[in-house]
Structures are given as C-alpha cells and as structure tokens.
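The structure appears right after this line, and notes come after that.
The values are calculated or read from the model by the stated rules, or taken from the named source; none is laboratory data. Note that the structure is predicted; figures quoted are calculated from it, not measured. Ideal geometry is used to build each Cβ from the backbone, glycine not excepted, and the neighbour counts take in all protein chains shown.
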Amino acid sequence: MKLPRFVIRWLKRLARYTLFTLFLFAVVWYFFVEDSGSDQQGSGSRPAPSLAQTPDRAVKDLYTFVADGRADSVCSGFTADAAKAFAGDLGVADCKDVTKQLTPKITDAQSYSEVKIPATAIVESAGKAEISSCAMTVKGGPRLGKLLLTKQQDGGWIISGHTAEPADCQGA
C-alpha cells in the first residue's frame, strides 16, 4: 500500500517543524536557561564568582554568598588553607559546613548582603589586605572575623587567611 502524496508531504513538513522546534529549544536552553548548580540554594542574587577585583568586593561577596546559602561560592573565594582556618575558627569540619551553620543565623539576608566596609577598615600593602569585621557595619547576621586577602596575578583578590574575632568585638 502506497501512502498518498499529501500524507508524505505532511509527514515531511511535520519532521521539519519538529526538528526546527527542537533546534530552537536547544538554542534557548544553551543561551538563556540559568545553570542550576547545587550551590544555588538561596535567592541566587549573584552569579557564581570569579575572583573579586578589590579586597572589599571579595568580602562583600563572601557575606552575600553566606546570606544566600551558596556554599560552593563561599568556599571558592578562599585558598585551601584559609578555607580550613575559616571552618576551624567557626568550629566546623569544612568550609561548606560553615555556610550550613551560618545561614540559619541570618535574620535579614538583604541587610547582611549589604555589609558596609569603610575605606579605613582596609589595611592594604604590597598585594595583601586585611579587613576586620569589627571595623565594618554588619547587620542581620554574624560577623565573619578578620580576613587576610592576597592579590592574584590575574588582578583578583582571594581570601588567604582568617582569624576569629569576638562576636561583640571587645578586645579586637
């Protein structure tokens, strides 16, 4: 039995439209659908980080990622040794656990993400910077301690050290 000519044309058109539609979905998916990585549990207000171009931006990003509960993003801003120190100073085994511990303590994620760092809080010299949370205005959650940052060859800043500070900043 031979199919009528109009049925064959209709099937060819259907195949072309189907392929074209699949192609469009692939293009839209590739270019416009946000990557749903495992670390994007929070509001997703910022993309996954590359290294910040200034020490204060690196610290602001850290507070934002903690507020958003983005453990991978938090930890990618630290060297391996600094991530261990950060976790150890906060009493947990690893950097990702820090985010799990801190995020529930945040009472106002928006305010916490908008930490204020005055220029006087940044002590910078020879490719190194130190920023104390006690010299910053932190609202809506816990202070994260004193951070040592190191400028990388690409111009980005990475957190290379951490020291715990008293929560009330007395004696810091």
Practice problem: Name, by its number, the condition in (1) more than 28 Å from Thr120 (Cβ to Cβ); (2) at pLDDT 90 or above that does not hold for Asp61. | Solution: (1)
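Table: residues versus (1) charged (D, E, K, R); (2) touching a strand residue (DSSP E or B) at 6+ places or on another chain (Cβ under 6 Å).
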site: Ser132; (1), (2): no, yes
site: Lys139; (1), (2): yes, no
site: Leu147; (1), (2): no, yes
site: Pro166; (1), (2): no, no
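Out of curiosity, is Lys96 touching a Cys at 6+ places or on another chain (Cβ under 8 Å) and either on the phi < 0 side of the Ramachandran plot or not in a loop (DSSP other than H, G, I, E, B) (or both)? Full working, then the answer.
Values: touching a Cys at 6+ places or on another chain (Cβ under 8 Å): yes; either on the phi < 0 side of the Ramachandran plot or not in a loop (DSSP other than H, G, I, E, B) (or both): yes.
Yes, satisfied.
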Quiz prompt | Any pair with Cβ under 8 angstrom, 6 or more apart, that starts in region 66-86 at a residue that is farther than 11 Å from Lys96 by Cα and ends at one that is charged (D, E, K, R) | solution = Asp68/Arg46; Gly77/Asp61
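Would you point out which residue out of Ala85, Ala167 is part of a helix (DSSP H, G or I) and more than 18 Å from the chain's Cα centre (by Cα)?
Working: Ala167 fails: part of a helix (DSSP H, G or I).
Going through Ala85, Ala167 in turn, just one is part of a helix (DSSP H, G or I) and more than 18 Å from the chain's Cα centre (by Cα): Ala85.
Quick check on Gly140: is it surrounded by 14 or more Cβ atoms within 10 Å (Cβ to Cβ) and under 12 Å from Tyr63 (Cα atoms)? Explain how you work it out, then say what you get.
Numbers: surrounded by 14 or more Cβ atoms within 10 Å (Cβ to Cβ): yes; under 12 Å from Tyr63 (Cα atoms): yes.
When the stated conditions are applied, Gly140 passes them.
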Quiz item: Mind checking whether some residue in region 97-120 is over 19 Å from Asp68 (Cα atoms) and touching a residue at least 40 places away in the same chain (Cβ under 8 Å)?
Solution: yes
